[in-house]
Amino acid sequence: MDSLRFLTTEDLDQIRMDFGTPSFVYDEATLRANAQAVKEFPHAFGLFARYAMKAAPTAAILRIFNSEGLGIDASSVHEVERAVRSGFGTESISLSSQELSDDFRYWLQDGVKVNLCSLHQIHKFAKWGKREPVGLRFNPGMGSGGTNRTNVGGPASSFGIWKGDLEEAKSLCKNYGLEVERIHTHIGSGSDPEVWKKVANMSLDLVRAFPSVKTLNLGGGYKVARMENEVATDLKEIGQPVKELFQQFAEETGRELKLEIEPGTFLLAHACSLVTSIQDITSTGQEGYRFLKLDGGMTEILRPSLYGAQHPIVVVPEAGQERFREKMDQVVVGHCCESGDLLTPSPGEPEALAPRNLPRGEVGDFCVIESVGAYCSSMSAKNYNSFPEAAEILKKQDGIIAVIRKRQTFEQMVENEVVP
Ligand SMILES: *Cc1c(COP(=O)(O)O)cnc(C)c1O
């Protein structure tokens, strides 16, 4: 993958001039096309798609998905607040959180929905004395994440009520008089239709245990192919067997379940590019490597350092420089004083260097990291080495390039500091 995904070389020149680097650039056309694909997910008795906003929570992105008719999956009470402030109606927001904050009580009475994610959360909710119907998130006992760290189902995962605690969850809800209207499972990043079928089946078994349930939420985890050798999820392909299972379930039980899905990665991953500049080059000799040092790095994108995740990297000589460069193996690193600040790790092995065959980079060139829309800007090691948070920019459908989050100022970085 040597070519830019949606940016042009003219865009790069304009971005550097108007906003500087590093900058995240989102593409409105891709965001809208992805939303459309999600809305076409096969279903038997109705579908509601939510955007898992932790992937990228900037207001301008939320507004685009709001206008596409998506709802919100929030993972903290703070995300609920961000979604509301960006214009989402409370009734279109659902919370599935590792931490059920006391503040959430107030959102509940405004109509925000909740999936209780542990036995403790059931107790806590009941003690609030609330009577709103709830969802329960279960860990069905299996997952399909790409790595252990992206796997969010199975015995090594803390997300949701463990399947073995089903009876206890049931009797707690009964004793507290809680109405369970939704079952939720979210088991990680997978593209295999067989896995989705299996999880849908396991989830339908959970629905059987709760006669009041009207909705099954299968979460997100639709994997995208950032690199050529990765397998993308075909939503139609994984959705069709799930739809058939819902139909069978209705024939058996007379219950016509609504389907909810809540993708993050699928909606965002390919819709953003990180534009950086090569600001230095080091070579460690014959036995070593040629290192391209960017003006961004783990302060913008942590996934390679965390998971050994692979992202396409495109070197683009700046205007006026020779455009042709021979290819060679090079290691791409970030600007932090941290050896883990590495953009070209071995796949799945964040500690190992894997030189990438790229056009020879020179100081001043652009280096664009592609497919960084999901869990990059929102999950970075912001302000490490006191680098300011990068700007976020939107390439709008009418071609206009506009800032949607300004670069952090020095004052903003230190404004909460107090010297007693
Ligand atoms: C993170 C998350 C998602 C989205 O996962 P992706 O892999 O980005 O699609 C969906 N639902 C819940 C509960 C999540 O925590």
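Name the residue that is farthest from the ligand (Cβ to nearest atom), counting only residues in the stretch 219-234 that are touching a Gly at 6+ places or on another chain (Cβ under 7 Å) and not charged (D, E, K, R).
As a first pass, look at the stretch 219-234 and keep what is touching a Gly at 6+ places or on another chain (Cβ under 7 Å): 220-221, 223.
Now narrow it down to the ones that are not charged (D, E, K, R): 220-221.
Details: Gly220: 3, Gly221: 4 Å.
So the residue we want is Gly221.
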* **Residue match in the stretch 126-135 (condition: touching a strand residue (DSSP E or B) at 6+ places or on another chain (Cβ under 9 Å), part of a strand (DSSP E or B) and touching a residue at least 24 places away in the same chain (Cβ under 8 Å))** => yes
* To do: With the condition kept exactly as written, say whether any residue in the stretch 182-201 is outside any helix (DSSP H, G or I), within 11 Å of the ligand (Cβ to nearest atom), of a type in the set (Val, Ile, Thr) and not assigned by TED's automatic domain parsing to the domain that holds Val314.
  => yes
* **In the stretch 301-332, the residues that are under 20 Å from Ala374 (Cα atoms) and aliphatic (A, V, I, L, M)** => Ile301, Leu302, Leu306, Ala309, Ile313, Val314
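Looking only at the stretch 48-91, which residues are β-branched (Val, Ile, Thr), more than 14 Å from the ligand (Cβ to nearest atom) and either out of contact with any Lys or Arg (no Cβ under 6 Å at 6 or more places or on another chain) or closer than 12 Å to Leu267 by Cα (or both)?
Ile64, Val77, Val84, Thr90
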* To do: Go through the stretch 319-369 and give me each residue that's crowded, with 17+ Cβ neighbours inside 10 Å, without any contact (Cβ under 8 Å) to a residue 60 or more places away in the chain and in contact with a helix residue (DSSP H, G or I) (Cβ under 8 Å, 6 or more places away or on another chain).
  => His335, Cys336, Gly340, Asp341, Leu342, Leu343, Thr344, Pro345, Pro350
* To do: Return yes when Thr233 is surrounded by 13 or more Cβ atoms within 10 Å (Cβ to Cβ) and of a type in the set (Ser, Thr, Tyr) and no when it is not.
  => yes
* Which of (1) in contact with a strand residue (DSSP E or B) (Cβ under 9 Å, 6 or more places away or on another chain); (2) within 16 Å of the ligand (Cβ to nearest atom) does Lys170 not meet, given it meets every other one? -> (2)
* To do: Consider Glu237 carefully, then state whether it is modelled with pLDDT under 95, among the acidic types (Asp, Glu) and more than 14 Å from the ligand (Cβ to nearest atom).
  => yes
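Residue-by-condition table, conditions (1) of a type in the set (Asp, Glu); (2) out of contact with any strand residue (DSSP E or B) (no Cβ under 8 Å at 6 or more places or on another chain):
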{"position": "His184", "(1), (2)": "no, no"}
{"position": "Glu194", "(1), (2)": "yes, yes"}
{"position": "Ser212", "(1), (2)": "no, no"}
{"position": "Phe249", "(1), (2)": "no, yes"}
* Of these, Leu216, Leu257, Leu204, Leu245, which one is surrounded by 18 or more Cβ atoms within 10 Å (Cβ to Cβ), within 16 Å of the ligand (Cβ to nearest atom) and at pLDDT 95 or above? -> Leu216
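Looking only at residues that are touching a residue at least 60 places away in the same chain (Cβ under 8 Å) and not β-branched (Val, Ile, Thr) in the stretch 390-401, which one is surrounded by the fewest Cβ atoms within 10 Å (Cβ to Cβ)? First the steps, then the outcome.
At the first step, the residues of the stretch 390-401 found to be touching a residue at least 60 places away in the same chain (Cβ under 8 Å) are 390-397, 401.
Those still in the list that are not β-branched (Val, Ile, Thr) too: 390-392, 394-397.
Details: Ala390: 27, Ala391: 22, Glu392: 21, Leu394: 23, Lys395: 23, Lys396: 16, Gln397: 12.
Looking at the filtered set, the residue picked out is Gln397.
Does Pro359 meet the test of being modelled with pLDDT of 95 or more and either of a type outside the set (Asp, Glu) or outside the structural domain of Leu292 (by TED's automatic domain parsing) (or both)? Working first, answer last.
Details: modelled with pLDDT of 95 or more: yes; either of a type outside the set (Asp, Glu) or outside the structural domain of Leu292 (by TED's automatic domain parsing) (or both): yes.
Yes, satisfied.
Filter the stretch 260-292 down to the residues that are more than 16 Å from the ligand (Cβ to nearest atom), within 26 Å of Phe24 (Cα to Cα) and surrounded by 14 or more Cβ atoms within 10 Å (Cβ to Cβ) and list them by number.
The first filter runs over the stretch 260-292 and keeps only residues more than 16 Å from the ligand (Cβ to nearest atom), leaving 273-292.
Narrowing further to those that are within 26 Å of Phe24 (Cα to Cα): 273-282, 290-292.
Answer for the stretch 260-292, where residues must be more than 16 Å from the ligand (Cβ to nearest atom), within 26 Å of Phe24 (Cα to Cα) and surrounded by 14 or more Cβ atoms within 10 Å (Cβ to Cβ): Ser273, Leu274, Val275, Thr276, Ser277, Ile278, Gln279, Ile281, Arg290, Phe291, Leu292.
Just give me the residues in the stretch 32-47 being within 16 Å of the ligand (Cβ to nearest atom), under 18 Å from Ser94 (Cβ atoms) and not charged (D, E, K, R), in sequence order. Even if it seems obvious, please write down each step before you answer.
Step one: list which residues in the stretch 32-47 are within 16 Å of the ligand (Cβ to nearest atom), which gives 34-35, 37-39, 41, 47.
After this cut, where a residue has to be under 18 Å from Ser94 (Cβ atoms) as well, the list is 35, 38-39, 41, 47.
Result: Ala35, Val38, Phe41, Leu47.
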* Structure fact -> The condition from (1) surrounded by 15 or more Cβ atoms within 10 Å (Cβ to Cβ); (2) over 26 Å from Ala56 (Cβ atoms); (3) at pLDDT 95 or above that Leu100 misses is numbered (2)
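The values are calculated or read from the model by the stated rules, or taken from the named source; none is laboratory data. Model, not experiment: these values are computed from the prediction. Glycine gets a Cβ as well: all are built from the backbone with ideal geometry, and neighbour counts include every protein chain shown.
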